[in-house]
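Step one of this worksheet: look at the structure below.
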Amino acid sequence: MNRGVLIAAAAATIALPCSGAAQALFNVAPPKNDLVETAGPEVVPVRVLWIAAHPDDEDTNLIAWLARGRNAETAYMSLTRGDGGQNLIGNQLGEALGVIRTEELLAARRIDGAHQYFGREYDFGFSKTADETRKHWPQDSLLRDVITVMRAFRPHIVITTFSGTPRDGHGHHQVSAIVARDAYNLATDTVQFPTSEFGAPWRPLKFYRLARFSPEDRTLSINVGEYNAFLGASYQEIAADSRSQHKSQGEGTLRRKGVVWDYLTRVDSRVPAPPAKEESSIFAGLDTVGKYIVRDGRVTPPTGAPPIELEAVADRQALAQGDSAKISLAIFNRGRVPITIPAIKVDGKPRTVLPDSAYRWTQWYVGRELSQPWWLSTPRNGDLFSPKVSGISEDELEVRRGAHIYVRSDPTGPIYLSAPIVFHYVDRVRGDVQRPLIVAPGVSITLDQAVTMARANAPFKQLLRATLRSALSDSAPVTVTISLPPGLTADSLARTTVMSAGATRTVTFKVRGTLPRGTHELTATATAKGKSYRTGYIPIEYAHINPQRLYRPSTLVINAADVVLPAKLNVAYIPGVGDNVAPVLQQLGVPLTIVDADDIPQTDLSRFTAIVVGPRAYQASPTLQDNNDYLLTYVRNGGRLVVQYGQAEMQRPGILPYPITLAPRAERVTDENAPVIFTDPQSPLLNSPNKITQADFNGWVQERASYMPSTFDSHYRSMLAMNDPGEQPNRAAILAAPYGRGTYIYVPLALFRQLPAGVPGSARIFANLLGGNTIR
């Protein structure tokens, strides 16, 4: 969250983020809505709230049709931020992925015109049942979050994506529909949910469920392919652009012209609407309530406002916490009638800005709180983020972090303007670039890793890189000191560099020694201008979303494990999706070469003792599929190929040497503590060079295995079986087969999650996959 306060340099009252008593001085609240009916004694918008579990669970077709086509004030509430998913565009997982997916939802909403809300629930990964999900998300906490949003947004229509039954598959999906219906029923209950804590009671009027997955159950069909001449696109085309913002999940969507049907099922109505099967409009019945204006199923659109823009440009990109930056503000009147700025007086009268002109002034902004995802400002409480749900939409929070002001125009009346505070510059290649002003520590210090692994009682050598980012307003020397655990030494314990304002520098230390088995910590401290800094941030930057920063302490946790490596290793690694495995293998001392899928044909594969393919690599890379025969030839000639899990693409002929099948809902073991059965204790993969025991499956995170084959060819050897409670064991966690003179190993076991988390057993298992006896 980016907060600060403006110190007025002119006789202007403009609202920018502030804290404490100053907030009241600058508090210019935005209008409650800008899409309202224009007649009647009481002006009330039609509001629609969509509720589901994850980013990309919403139906953007209907959201675009509602918000852009029918001018209904529409919002989507995602219970989670999608932290437990995969990442097709980078290696961020967990909370970092949640930040990306939050910004992707906000980018989608900027296109389809809806608001965006979130719950506090952390996406802990795939869940098979509602009961399992409730163990992670307390039901009372979940319901309180949804009630808070429902009373704040005050929807007349509630829509869910899912049914709340086992047919939804994912336990998160089931729970999202169950809690939505509970909130619909209980939003008026002021005993269980008192007004003092949850706001005034509210009574939604209609409840629908998306019927796209079961069109035979539909009660309402909507043509989302309807063309809007004013927008120059159909609502499906707008929705396709919105949906395509979910790039981390590979949700790119085709624009389609012509009629495109979408379907809803009416579950409940509290207004005298026609019978569900006879209903012709989602708004049916609402026009019988005197507060609403609905004509032919369309909410009356607002009258147009003159084009006016507010601009707020900072004199720097990063502002040290507690320091101040000069903000140049301007209001541009691009319309045909004059406007006035009531907060800015000239001879006691509001300032007038004529058509095709601008008014400019400056104010000072003081950075109070660090710019970071607000829900990560304090540690999680289990699988709930700590900050409470406020009832303010995420898009409104974005507005409040910027500059905002009221102007007037006749006959329109008050107009609310807002703009982000940005640092504005030109790039010779990209052109116009605008970067949000951030509030950061005077000096941020970030180690290139937070967790690493080492072999216990074996030589340890690592380059420790500390990235320094200055938010100071002038040049200053910065000294970095490191504190090492017993057993390690460095070429220096302190280094000094001079940093100019806004500069970034990397300081490197050579660390070596040996460590006993266990967990050890290394810390780094930056000192500048008499102040010490022990935190830094990881930038998260992609072209389709606003940049963000993830803060963490400048501490490196080293997990030293008893790992024996096969002799004479030389490993090639072909990266996959959300893949952080290769760096861990290198930390363990595995000689490793990164090989791009495009380079496979011209690479001498015979020089490698093993080749590893990263998770979901075949799904993400058609080139890898095209070049797969080179890998299979390598195995036939005596090589060892280790392929981490994939999805349905692994069933295609020519990918694996022998066939497998996956169920329509692929089997997985989501309980990270599920018992593991050694079905072939004598397998070389469980004995050489490390003796694998039950202790190697302690301390796992999120899951045991993903997308496990339900059947596999008899050429494969299996050695482990596991299952979630109440299910039959699956024996496909690791499948190994002799192929020609070599060995092919397929690994649905979730080592890709365990290695970056520093789980010792995962390192011992992976070392065995890389070498040892040939499977026969």
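The table that follows gives values for the structure above.
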| item | result |
| --- | --- |
| Theoretical gain in end-to-end length, residue 256 to residue 434 [0.36 nm per residue, Cα-Cα removed] | 60.8 nm |
| Most to least packed among 233-239, 560-566 [average Cβ atoms within 10 Å] | 233-239, 560-566 |
| Calculated from backbone phi, Karplus (6.51, -1.76, 1.60) coupling profile of the stretch 434-447 in Hz, x at Gly/Pro | 10, 10, x, 5, 10, 9, 9, x, x, 9, 9, 10, 10, 7 |
| Cα gyration tensor shape of the stretch 687-776, rounded if a/c is under 1.5, else prolate or oblate by comparing a/b with b/c | oblate |
| Within the stretch 151-180, backbone nitrogen closer than 16 Å to the virtual label 7 Å beyond the Cα of residue 216 toward Cβ | 167-168 |
| Label-point separation, residue 629 to residue 328 (7 Å along Cα→Cβ), nm | 6.2 nm |
| Under 14 Å from residue 326, Cα to Cα: aspartates and glutamates that are on another chain or at least 8 residues apart | 311, 315 |
| Entry for percent of Cα pairs over 43 Å apart (calculated from the structure that is shown) out of (i) 41; (ii) 29; (iii) 37 | (iii) |
| Highest-first arrangement of 247-255, 317-325, where packing means the average Cβ count within 10 Å | 317-325, 247-255 |
| The chain - percent of accessible surface contributed by carbon and sulfur, probe 1.4 Å | 50 percent |
| Interchain or long-range residues, amide H under 5 Å from residue 74's placed H | 48, 115 |
| Within-13-Å neighbourhood charge of residue 676 [Cβ basis; K, R +1; D, E -1] | -4 |
| The chain - accessible surface per residue (Å², probe 1.4 Å) | 41 Å² |
| Three-way shape label, the stretch 724-775, alpha-carbon gyration tensor, a/c 1.5 | oblate |
| Cα centroid separation, the stretch 238-290 to the stretch 608-656 (Å) | 42 Å |
| Pair residue 268, residue 316: separation of 7 Å Cα→Cβ label points (nm) | 5.5 nm |
| Cα gyration tensor category, rounded, prolate or oblate, for the stretch 343-391 with a/c compared to 1.5 | prolate |
| Within straight-line cross-link reach of residue 529, aspartates and glutamates at Cα separation under 17 Å, skipping those fewer than 8 residues along the same chain | 323, 474 |
| J(HN,Hα) series, the stretch 552-559, from Karplus relation 6.51 cos²θ - 1.76 cosθ + 1.60, nearest Hz, glycine and proline x | 7, x, 7, 10, 10, 8, 10, 9 |
| Label-point separation in nm, residue 408 to residue 728, each point 7 Å along Cα→Cβ | 7.6 nm |
| Cβ crowding within 10 Å averaged over residues, with 491-504, 738-751 ranked highest first | 738-751, 491-504 |
| Candidate lysines for bridging to residue 568, where Cα separation is under 21 Å - those fewer than 8 sequence places away on the same chain excluded | 461, 691 |
| Mean-position separation - Cα centroids, the stretch 343-395 and the stretch 134-184, in angstrom | 30 Å |
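The values are calculated or read from the model by the stated rules, or taken from the named source; none is laboratory data. Since the structure is predicted, the reported quantities are computational estimates derived from the model, not experimental observations. Don't worry about glycine lacking a Cβ; one is built from the backbone with ideal geometry, like all the others, and counts go over all protein chains shown. When the accessible area is computed, the model is the full protein with side chains, heavy atoms only, and any ligands, DNA or RNA have been set aside. Shrake-Rupley method; radii C 1.70, N 1.55, O 1.52, S 1.80 Å.
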